[in-house]
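Visitor: Let me begin by handing over the structure; questions about it come next.
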Amino acid sequence: MKVRLLSLIALLVLSVFPAKAAPTFETAAPIAYLLDMSSGAVLFDKNSEKRIPPASMTKMMTAYVIFEELAAERLKLEQNFKISPATASEWSGRGSTMYLRARQEVSVSNLLHGLITVSGNDAAIALAEGVSGSEVAFIARMNETARKIGLKNSRFGTANGWPDEGRTLVTARDLAILAQRTMADFPLLYKKFYAKEKFTWNNVTQPDRNPLLGKVVGADGLKTGHTNEAGYCFTGSAVRDGRRLVMVVAGIGSFQSRIDESVKFMNWGFDAWQSQRLFAGGEKITAVPVQLGEANSVDLVTPQNVAVTIPVSDSRKYTLSVRYNGPIKAPFKKGKRVALLVAKFADGSEQVTPLLAANDVGTAGFFGRAMNGFKALVGL
């Protein structure tokens with residue numbers, strides 16, 4: 001990837017003070033990862049690339065696919081799926097369950113609550129069968145979507161995370177990406193279905209096992225998991241004053257330890273680190289050249305408020321640049337991720353935020369290409 005440093009932001013040095021050492025954190029979790037979404041800063045990384053069974057955290061991927069169907073209007077929340085006798089028989093009482101009954105007509109909305117809030121294995125299979133006709137077909141969709149959104153080291157063999165002899169494997173880093181994409185791509189659905197403290201179906205009320213809810217200010221997601229093989233796991237998120245953190249822990253030895261480690265980890269992220277705001281969401285950063293387009297450049301804008309993350313009571317020298325593989329080839333749509341805003345620190349570490357195309361750019365015809373070539377030649 002070529003690196004272009006654009007004159008609009010140049011080598012912007014925001015501080016000349018020496019950087020202090022990064023805050024330290026100790027955790028009993030074999031795998032732990034903490035990301036600040038406001039800046040792209042990785043605050044803590046312990047074995048984030050190790051492939052692990054995700055247990056019920058798999059249901060985050062199932063939910064993402066369902067959210068895609070809803071956003072594309074191929075599915076409606078009020079639409080009902082009939083529960084097959086085979087699904088009701090196999091999954092009723094097998095691990096976490098929504099207690100679905102054979103031949104019940106259940107809305108997609110209620111199945112999503114059953115999937116996300118109470119981690120129903122039966123709800124996951126019912127959604128998979130309702131959308132794709134079979135769990136096998138739905139799993140193919142899960143893996144296709146996982147590749148599309150950048151889960152490079154994950155594969156799925158079930159829709160609910162039930163142990164499958166090692167076919168389903170993920171990494172903590174990929175789970176954090178999945179959490180980010182869920183919140184960024186489907187903010188209204190995320191708000192509607194995550195962070196619900198309890199759910200009642202068939203006269204059975206069950207709580208969400210999210211260890212942060214009610215214990216960490218701003219906690220609003222995402223998903224726990226547990227099997228003997230995976231241990232106690234959790235992908236979580238919380239937001240305070242516009243700053244959102246995403247955490248993953250896995251392989252923890254007990255239910256209570258998962259609560260303790262998760263609360264301690266998330267609070268450390270907020271207490272030991274601070275954000276410095278750089279740009280507002282939607283703000284124009286610069287323009288980059290476009291190849292073979294009806295326009296010879298496109299403005300780049302931020303998808304959200306952008307900040308850098310630094311230790312509390314610390315100022316660190318860094319530079320800002322825009323990195324892209326260019327010129328950008330037309331055609332592309334407004335909102336396409338075409339570049340990166342990079343904050344580079346003196347120690348070589350980077351915090352990266354995607355930049356989006358501010359508008360559509362179609363492919364130029366022959367005369368348009370000729371005119372753009374002439375403008376480029378004479379510097380217009």
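Visitor: Under the rule of -39500 (n - 2.57) per DSSP H run of 4 or more residues, summed and divided by the residues of the chain, what mean residue ellipticity at 222 nm is obtained, to the nearest 500 deg cm²/dmol?
Guide: Computed ellipticity for the chain at 222 nm equals -8500 deg cm²/dmol.
Visitor: Counting pairs on different chains as well as pairs 8 or more places apart, how many Lys pairs in the stretch 35-159 have Cα atoms under 29 Å apart?
Guide: So the count of such lysine pairs works out to 11.
Visitor: How large is the convex hull of the Cα atoms of the stretch 47-110 per residue, expressed in Å³ as a whole number?
Guide: Per residue, the Cα convex hull of the stretch 47-110 comes to 113 Å³.
Visitor: Further, regarding this structure: Which FRET efficiency value, to the nearest 0.05, do you get for Lys284 and Ala102 by plugging their Cβ-Cβ distance into 1/(1 + (r/R0)^6) with R0 = 45 Å?
Guide: For Lys284 and Ala102, the calculated efficiency is 0.20.
Visitor: In whole Hz, with x marking every Gly and Pro, tabulate ³J(HN,Hα) for the stretch 82-88 from phi via Karplus 6.51 cos²θ - 1.76 cosθ + 1.60, θ = phi - 60°.
Guide: Once θ is set to phi - 60°, the couplings for the stretch 82-88 become 8, 7, 6, x, 5, 5, 4 Hz.
Visitor: Can I ask one more? Collect residues whose amide H, placed 1.01 Å from N in the peptide plane, falls under 5 Å from the amide H of Gly221; neighbours closer than 5 in sequence don't count.
Guide: Answer set, sorted by chain and number: Ser237.
Visitor: Subtract the Cα-Cα distance of Glu49 and Ala272 from 0.36 nm times their separation in residues, and report this length gain in nm to one decimal.
Guide: Fully extending the segment from Glu49 to Ala272 adds 77.9 nm.
Visitor: While we're here: How far apart, in nm, are two points set 7 Å out from the Cα along the Cα-to-Cβ line at Lys336 and at Phe255?
Guide: That separation, rounded to one decimal, is 5.0 nm.
Visitor: Which percentage, to the nearest 5, of the DSSP beta bridges contained in the chain is antiparallel?
Guide: Of those bridges, close to 95 percent are antiparallel.
Visitor: Which ³J(HN,Hα) values, rounded to whole Hz and listed in residue order, are derived for the stretch 221-233 from phi using the Karplus coefficients 6.51, -1.76 and 1.60 in 6.51 cos²θ - 1.76 cosθ + 1.60 with θ = phi - 60°, glycine and proline given as x?
Guide: So the Karplus estimates, Gly and Pro as x, are x, 10, 8, 8, x, 7, 9, 4, 6, 7, x, 8, 10 Hz.
Visitor: Gly293's amide H: which non-local residues (gap 5+, or another chain) put their own amide H closer than 5 Å, with H modeled 1.01 Å from N in plane and none for Pro or chain starts?
Guide: Ala330, Ala364
Visitor: Further, regarding this structure: May I ask for the distance between the Cα centers of the stretch 51-115 and the stretch 182-237, given as a whole number of Å?
Guide: 15 Å
Visitor: Amide H neighbours of Ile285 under 5 Å, counting only residues 5+ apart in sequence or on other chains, H built in-plane at 1.01 Å?
Guide: Long-range HN contacts for Ile285: Leu300, Val301, Thr302.
Visitor: Could I ask something else about it? Translational D (Stokes-Einstein, µm²/s) of the chain at 37 °C and 0.692 mPa s when Rh comes from the Kirkwood sum over C-alpha pairs?
Guide: Approximately 147 µm²/s, per Stokes-Einstein.
Visitor: While we're looking at this one, here's another question. When we measure straight from the Cα of Lys192, which aspartates and glutamates land under 19 angstrom away, once same-chain ones fewer than 8 places off are left out?
Guide: Glu68, Glu69, Glu73, Glu78, Asp208, Asp220
Visitor: Obtain the nm distance between the two label points defined at Val312 and Asn80 by a simple spin-label model: each point lies 7 Å from its Cα along the Cα-to-C-beta direction.
Guide: So the two model labels end up 5.3 nm from each other.
Visitor: With θ taken as phi - 60° and the coefficients 6.51, -1.76 and 1.60, list the Karplus ³J(HN,Hα) couplings across the stretch 264-280 in order, rounded to whole Hz; mark glycine and proline as x.
Guide: 4, 5, 5, 5, 4, x, 7, 7, 8, 10, 9, 10, 10, 6, 10, 9, 7
All of the numbers you see were taken from the coordinates with simple rules; none came from a lab. Because the structure is a prediction, the values reported are computed rather than measured. Reconstructed Cβ throughout: ideal geometry from the backbone, glycine too, with neighbour counts over all protein chains shown.
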